[in-house]
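Trainee: The structure that follows is given in the form of structure tokens.
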Amino acid sequence: MSYVDQYSEKVKEHFMHPKNMGHIKEEDLQPGEELARGEVGNPACGDLMTIFLKIKDRKIIDAKIKTFGCAAAIACSSITTEMVVGLTIDKARKLTKNQVADELEGLPPLKLHCSNLAVDALNKALDNYEQGIGVVRK
Amino acid sequence: MLQKTLKMAKKVYLDHGATTPVDAEVVEAMQPYFTEKFGNASSIHCFGKVARDALEKSREIIAWKINAEKDEIIFTSGGSESNNLAIKGVLFANKEKNHIITSKIEHPAVLQTCQALENGFSVTYLDVDAGGLVDLKKLEEAITDKTALVSIMHANNEIGVIQDIRTIGEICKRHNVLFHTDAVQSFTKVPIDVKDINVDLISLSSHKMHGPKGIGALFIKKGTELQKQNQGGHQELDLRAGTENISGIVGFAKAVELASDDHVAQMQELRDKFIDKILKEISDTTLNGGREERLCNNVNITFKFIEGEGLLLHLDAHGIAVSTGSACTSQSLEPSHVLLAIGLKHEDAHGAIRFTLGKENTQEELDYTFEKLKEAVKNLRKISPLAK
Ligand SMILES: Cc1ncc(COP(=O)(O)O)c(C=O)c1O
Ligand code: FES
């Protein structure tokens, strides 16, 4: 069996119609809002994800993402952005790759690492935020 | 895979390098050999004789296509088995010599066979240039008095590059080394005349040229010593035990009879227009493999900044079947060894899509494919952090 046959309906849906794709620009910020960014590469197959978070009062109010990777990576990107919007930074920190995979009704074993990537990008953005690296404030 | 969800009417098959539909005439020719002509070709009685006649008639047809003698063709289960038998057969039959030369872009059936032999034999894997061609000087330099066999494929399955087997044959002859070529992809598309060029072993397969799966052949030039790899009965010149797959063999021969140069010309014309259109109208695209020495039906393009699995699935959603060299679709998460061998960077190998045309494809199908392709590339680039 090909791993493709193991893609759930939810994975297919998010891959074909990914949500929150793109980036957040400085101009998109209102006073009191902050922009954090996180970029990670996938050591297993050399792919790339960049996530953008709009933060206000330590709460994520918007998320956008750009992904170079397989269908699973794109689906994970899409669902991760949906899952984090509305969460406080502390809650977002607790998001795990398993939760992402579960929300997608599972991933083929070969593709589990693609869900790491989205969560890693999220955590990278939150680290950058806490450390003030590349954070834009209005 | 996404076909169901979108209720698509149209289907365009552009993966003939993987396999091809069996011609109706081929199916028809095969049919009697499942039922009334079911005999075992080794049986003495009249049932056996019917099967034996079909077997030998088919052998003549395969031989005719490459200008070989009838007793220089044996039937196998396909290209993979032919490659295994040719390489192991030669090396195990030749106890004095212990060296094989092959290339880095061979099909896994050759590469893995060579790798398995590394325990006991030495193997040279020749580099190829950016176009995919083996350097003939390097080949000649690699030959030693321990070299038993050179195995270089005729046409590559991923990038369609056609090697200069005439010159390779001359080099091998000059140094008294046997020459095997895997002609699975080129058979009936690029002519081979074994009386005109020097080649000792040729692997052939039926399902890449509108014949059934699970049947192939090996050309073995008269006088070439080979050790049997499958023990048992004395079938196929006592080189391959097993009751012959008569229906498959008859189908294979029929497919060979039906193959025509007109189809080759037609595919080539469609191919050229398709390549030109992509390179011209979709930015940041490159053709993988040289343009000149190229199989009539192969188009392999890198779409920069995107990953092949996504593109493949988008096309699949529109009923268009292609394949990719991306790491993300391979079980090992390694990109295509062929694309890496011609010098592609990992991220460019990721975005490589192979379209392999067949004789039934039309201009209209390729126009449809182009429209869907352009749209999918645009959408995937929109979400890629690599795209400008
Ligand atoms: C160049 C080449 N050699 C060998 C094979 C294997 O042939 P078969 O599928 O008949 O075993 C293939 C098919 O994938 C091929 O493209
Ligand atoms: S990104 Fe390469 S396998 Fe998912």
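Trainee: Which of the residues that make up the stretch B:164-176 are free of Cβ contacts under 8 Å to residues at least 60 places away in the same chain and not small (G, A, S)?
Mentor: Matches in the stretch B:164-176: B:I165, B:R166, B:T167, B:I168, B:E170, B:I171, B:C172, B:K173, B:R174, B:H175, B:N176.
Trainee: Could you please tell me which pairs satisfy a Cβ distance under 9 Å, a separation of 6+ or placement on different chains, a first residue in the stretch B:211-223 that is free of Cβ contacts under 8 Å to residues at least 12 places away in the same chain, and a second residue that is more than 16 Å from ligand 2 (Cβ to nearest atom)?
Mentor: What qualifies is B:G223/B:D200.
Trainee: Provide a single number: the residues in the stretch B:32-41 that are surrounded by 14 or more Cβ atoms within 10 Å (Cβ to Cβ) and under 13 Å from B:V250 (Cα atoms).
Mentor: Of the residues in the stretch B:32-41, 4 are surrounded by 14 or more Cβ atoms within 10 Å (Cβ to Cβ) and under 13 Å from B:V250 (Cα atoms).
Trainee: Identify all residues within the stretch B:305-350 that are within 20 Å of A:L112 (Cα to Cα), within 16 Å of ligand 1 (Cβ to nearest atom) and buried (at least 20 other Cβ atoms within 10 Å of the Cβ); write none if there are none.
Mentor: Once the filter is applied, which keeps residues that are within 20 Å of A:L112 (Cα to Cα), within 16 Å of ligand 1 (Cβ to nearest atom) and buried (at least 20 other Cβ atoms within 10 Å of the Cβ), the stretch B:305-350 yields only B:T329.
Trainee: Let me ask something else. Any residue that is more than 14 Å from chain A (Cβ to nearest Cβ), over 18 Å from B:G131 (Cβ atoms) and of a type in the set (K, R) - is there at least one of those in the stretch B:262-277?
Mentor: For the stretch B:262-277, residues more than 14 Å from chain A (Cβ to nearest Cβ), over 18 Å from B:G131 (Cβ atoms) and of a type in the set (K, R): present.
Matching residues to (1) within 17 Å of B:D182 (Cβ to Cβ); (2) not assigned by TED's automatic domain parsing to the domain that holds B:D193:
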site	(1), (2)
B:K11	no, yes
B:F34	no, no
B:S43	no, no
B:G48	no, no
B:L55	no, no
B:I61	no, no
B:K88	yes, no
B:H99	no, no
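For (1) surrounded by fewer than 23 Cβ atoms within 10 Å (Cβ to Cβ); (2) more than 24 Å from B:T243 (Cα to Cα), each residue gets a yes or a no:
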| position | (1), (2) |
| --- | --- |
| B:A63 | yes, no |
| B:K70 | yes, no |
| B:S82 | no, no |
| B:I87 | no, no |
| B:N94 | yes, yes |
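Trainee: Same structure, new question: Looking at A:A118, A:A125, can you tell me which residue is closer than 30 Å to B:A317 by Cα, in contact with a strand residue (DSSP E or B) (Cβ under 8 Å, 6 or more places away or on another chain) and not aromatic (F, W, Y)? Before the answer, list the steps.
Mentor: On the way: A:A125 fails: closer than 30 Å to B:A317 by Cα.
Result: A:A118 is the single residue among A:A118, A:A125 that is closer than 30 Å to B:A317 by Cα, in contact with a strand residue (DSSP E or B) (Cβ under 8 Å, 6 or more places away or on another chain) and not aromatic (F, W, Y).
Trainee: From the residues in the stretch B:156-167 that are surrounded by 23 or more Cβ atoms within 10 Å (Cβ to Cβ) and of a type outside the set (S, T, N, Q), which one is farthest from the chain's Cα centre (by Cα)?
Mentor: B:I165
Trainee: Moving to a separate point now. Restricting to the stretch B:180-206, give me the number of residues that are surrounded by fewer than 24 Cβ atoms within 10 Å (Cβ to Cβ) and not β-branched (V, I, T).
Mentor: Looking only at that region, the number is 6.
Trainee: Continuing with this model, one more query. Those residues that are basic (K, R), within 16 Å of ligand 2 (Cβ to nearest atom) and touching a residue at least 60 places away in the same chain (Cβ under 8 Å), I need them from the stretch B:328-369; list them, please. Quick ask: steps written out before the conclusion?
Mentor: Quick first cut of the stretch B:328-369, residues basic (K, R) only: B:345, B:354, B:359.
Pick out the ones that are also within 16 Å of ligand 2 (Cβ to nearest atom) and you get B:345.
Within the stretch B:328-369, no residue meets the criteria.
Trainee: Looking at B:L201, B:L218, B:L178, which is the one that is under 25 Å from B:Q112 (Cα atoms) and touching a His at 6+ places or on another chain (Cβ under 7 Å)?
Mentor: B:L201
Trainee: Among the basic types (K, R) and over 13 Å from the mean Cα position of the chain (by Cα): which single residue out of A:K56, A:K19 fits that description?
Mentor: Numbers: A:K19 fails: over 13 Å from the mean Cα position of the chain (by Cα).
After applying the criteria, what remains is A:K56.
Trainee: Every residue in the stretch B:299-318 that is more than 9 Å from every other protein chain (Cβ to nearest Cβ) and in contact with a Lys or Arg (Cβ under 7 Å, 6 or more places away or on another chain), please.
Mentor: Across the stretch B:299-318, the qualifying residues are B:V299, B:N300, B:L315, B:H318.
Trainee: Based on what the data block shows, is B:A321 in contact (Cβ under 8 Å) with a residue 60 or more places away in the chain and more than 12 Å from chain A (Cβ to nearest Cβ)?
Mentor: For B:A321, the condition - in contact (Cβ under 8 Å) with a residue 60 or more places away in the chain and more than 12 Å from chain A (Cβ to nearest Cβ) - is met.
Trainee: Tell me, which helices (runs of 4 or more DSSP H) wholly within the stretch B:332-385 include 2 or more residues that are more than 12 Å from chain A (Cβ to nearest Cβ)?
Mentor: Because the criterion is at least 2 residues that are more than 12 Å from chain A (Cβ to nearest Cβ), the helices (runs of 4 or more DSSP H) in the stretch B:332-385 that meet it are B:337-341, B:363-382.
Trainee: A further question on this structure: I need a count of the residues in the stretch A:2-43 that are surrounded by 18 or more Cβ atoms within 10 Å (Cβ to Cβ), modelled with pLDDT under 95 and of a type in the set (G, A, S).
Mentor: Going through the stretch A:2-43 one residue at a time, the tally reaches 0.
Trainee: Which residue out of B:A18, B:A68 is part of a loop (DSSP other than H, G, I, E, B), touching a residue at least 24 places away in the same chain (Cβ under 8 Å) and more than 16 Å from ligand 1 (Cβ to nearest atom)?
Mentor: Only one candidate qualifies: B:A68.
Trainee: Within 28 Å of B:E72 (Cα to Cα), crowded, with 24+ Cβ neighbours inside 10 Å and among the aliphatic types (A, V, I, L, M) - does that describe any residue in the stretch B:260-277?
Mentor: No - not one qualifying residue is present in the stretch B:260-277.
Trainee: Are any residues in the stretch B:323-347 under 25 Å from B:T102 (Cα atoms) and among the acidic types (D, E), and if so, which ones?
Mentor: Result: B:E334, single match.
The values are calculated or read from the model by the stated rules, or taken from the named source; none is laboratory data. Everything numeric in this text was worked out from a predicted model, so none of it was measured. Because the Cβ atoms are built from the backbone with ideal geometry, glycine has one as well, and the counts that use them run over all protein chains shown.
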